[in-house]
Amino acid sequence: MTRSEAFASYGVTLVNQQWSWSARNDDGAIVVLTFWQDHFYRAPNGKTMYAFPPLSDAERKRPGFRELVENIEHAIAHCDGVVRAVISRAKDPAADPRKIISSRPARFRMRIMEFDSATGAFIAEQVVDGAKREH
């Protein structure tokens, strides 16, 4: 599945198939971000987490950066920080820029917990739907 197809599975269209890292639907109710497969980790409490590192000056000058910041800020302000995820795998995780070899829509949602709009860095945790309540 291409990254564009993965985004389309959520009902959103990338502004630019080459440089967009994120998108949202027309009414703003759904925000979708690209999540690199190698940035997921399991926290000590068992939660699935994601850490997106601060971007370099050169990366922040790329066209998709401003759009990414706007979409994350929108998700925080209007969607309780909850976003859909397109999980992408890099051919070489150390390359800059990375080349995507596969993408797929996630079966789960993520919530942005921390965000630095100056650098693009963010921490997200998996949203657990229907979790059992403790009595």
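The values are calculated or read from the model by the stated rules, or taken from the named source; none is laboratory data. Here the structure is a predicted model, which is why all the values come from computation and not from measurement. All Cβ positions, even for glycine, are placed from backbone atoms using ideal geometry, and neighbour counts span all protein chains on display.
Have a look at A124, A43 and point out the one that is under 25 Å from S9 (Cβ atoms) and touching a residue at least 60 places away in the same chain (Cβ under 8 Å).
A124
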Of residues in region 29-78 being within 20 Å of F7 (Cβ to Cβ), more than 14 Å from the chain's Cα centre (by Cα) and part of a loop (DSSP other than H, G, I, E, B), the one modelled with the highest pLDDT: A29
Can you give me the number of residues within region 1-28 that are in a loop (DSSP other than H, G, I, E, B), buried (at least 16 other Cβ atoms within 10 Å of the Cβ) and hydrophobic (A, V, I, L, M, F, W, C)? 3
In region 10-40, how many are touching a Pro at 6+ places or on another chain (Cβ under 6 Å) and among the hydrophobic types (A, V, I, L, M, F, W, C)? 1
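Restricting to region 86-108, name every residue that is more than 14 Å from S9 (Cα to Cα) and assigned to a strand (DSSP E or B).
If the condition is that a residue be more than 14 Å from S9 (Cα to Cα) and assigned to a strand (DSSP E or B), then S88, R89, A90, I100, I101, S102 are the ones that fit.
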What number goes with the only condition from (1) under 20 Å from D96 (Cβ atoms); (2) surrounded by 12 or more Cβ atoms within 10 Å (Cβ to Cβ) that E70 does not pass? (1)
Tell me whether region 32-52 contains one or more residues that are surrounded by 19 or more Cβ atoms within 10 Å (Cβ to Cβ), of a type in the set (S, T, N, Q) and in contact with a strand residue (DSSP E or B) (Cβ under 7 Å, 6 or more places away or on another chain). yes
